[in-house]
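A.B. asks: Structure provided below as structure tokens; questions to follow.
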Amino acid sequence: MSGMISYARPDGKASSGYMVEPTQGSKAPGVVVIQEWWGLDEQIKGVAEKLAARGYRALVPDLYRGKLALEANEAEHLMNGLDFADAASQDIRGAVQYLKATGSSKAGVMGYCMGGALTLLASVHVPESDANATWYGYPPLDYIDASKIKAPLLGHWGTQDQFFAIAGVDTLEQRLQAAKVKYEFYRYDAKHAFANEESDARNLPPLGYHPEAAKLAWDRTMAFFQKNLA
């Protein structure tokens with residue numbers, strides 16, 4: 001079963017998202033999936049469907065409130081207009097709370113690009129999350145208080161990423177180590193958005209689909225969630 005649902009944020013406001021239920025039903029563990037800067041498009045819905053096929057309840061919050069971007073300048077405009085703190089502490093936290101309130105004993109967060117940055121913020125601001133997996137995205141590191149990260153963290157990074165420099169990943173890793181965060185970081189010889197099968201079609205040179213890296217990162221993510229959520 002899949003489709004749009006409405007759920008409550010911690011502040012009582014309503015949010016919406018694309019929900020996919022697995023055949024295992026509502027008792028299955030949950031994963032909140034965070035979009036790239038393009039919005040709640042068919043590609044990110046496909047990620048949720050892949051998760052459901054692996055036995056997870058998947059919920060993709062509609063952070064842009066129904067808007068979609070087809071070009072990079074549109075995506076940048078929508079992303080720049082997003083309140084990241086509100087998205088992490090309200091829309092994403094509310095989604096995790098919804099999954100747990102409706103049957104999942106455990107739930108995590110996973111996001112790509114902009115969603116990867118939001119996943120890191122969620123690791124700080126969503127205490128209900130049991131595991132967090134970020135794919136090639138991080139916010140300004142001053143916004144990451146590593147001492148507040150309690151759930152296991154997984155990260156996938158492209159060494160050729162021109163949007164999120166690998167040097168920033170190195171700095172983040174140092175902070176996580178200092179705070180004794182339980183984390184796993186993997187680096188791939190790949191460009192930004194290497195796991196998005198539509199990257200090459202975007203005709204943006206900094207993006208590049210890398211199927212081998214994408215499969216390896218996906219398999220590692222499934223093992224991570226199996227260990228921490230299932």
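A.B. asks: What net charge do the residues around Val31 carry, taking every other residue with its C-beta under 14 Å from that of Val31, with Lys and Arg at +1 and Asp and Glu at -1?
C.D. replies: So the environment of Val31 carries a net charge of +3.
A.B. asks: By the gyration tensor of its Cα atoms, with a ≥ b ≥ c the square roots of the eigenvalues, what is the shape of the chain: rounded for a/c under 1.5, prolate for a/b over b/c, or oblate?
C.D. replies: rounded
A.B. asks: In the chain, what percentage of the DSSP-assigned beta bridges are antiparallel, given to the nearest 5?
C.D. replies: Roughly 35 percent of the DSSP beta bridges within the chain come out antiparallel.
A.B. asks: Reachable lysines from Lys50, Cα under 25 Å, same-chain residues fewer than 8 places away excluded?
C.D. replies: Within the straight-line limit of under 25 Å, Lys50 reaches these lysines: Lys27, Lys67, Lys100, Lys106, Lys191, Lys215, Lys227.
A.B. asks: Place the peptides 125-133, 84-92, 41-49, 200-208 in order of packing, highest mean first, counting for every residue the other Cβ atoms within 10 Å and averaging per peptide.
C.D. replies: Packing proxy ranking, top to bottom: 125-133, 84-92, 41-49, 200-208.
A.B. asks: For the range 1-44 and the range 56-95, write down the distance between their C-alpha centroids in whole Å.
C.D. replies: Value for the Cα centre distance between the two parts: 12 Å.
A.B. asks: While we're looking at this one, here's another question. Under unit Cβ charges (Lys, Arg +1; Asp, Glu -1), what dipole magnitude, rounded to 20 debye, does the chain have relative to its Cα centre?
C.D. replies: Using only the charged Cβ atoms, the result is roughly 980 debye.
A.B. asks: Still on this structure, I have one more. Of the trypsin sites (Lys or Arg not before Pro) in the range 60-168, which ones lie in a loop per DSSP and count no more than 15 other C-beta atoms within 10 Å?
C.D. replies: The qualifying sites are Arg65, Lys67, Lys150.
A.B. asks: Now, a different point. I'd like the Karplus ³J(HN,Hα) series for the range 124-129: coefficients 6.51, -1.76, 1.60, θ = phi - 60°, whole numbers in Hz, and an x wherever there's a Gly or Pro.
C.D. replies: My calculation for the range 124-129 gives 8, 9, 10, x, 6, 6 Hz in order.
A.B. asks: Still on this structure, please answer the following. Which net charge results when you count Lys and Arg as +1 and Asp and Glu as -1 among the other residues whose beta-carbon is under 14 Å from that of Arg9?
C.D. replies: Once positives and negatives cancel, what remains is -3.
Each reported figure results from applying straightforward, stated rules to the coordinates on display, with no laboratory input. Quick caveat, the model's predicted, so the values are computed rather than measured. So basically every Cβ, Gly included, is an ideal-geometry build from the backbone, and we count neighbours across all protein chains shown.
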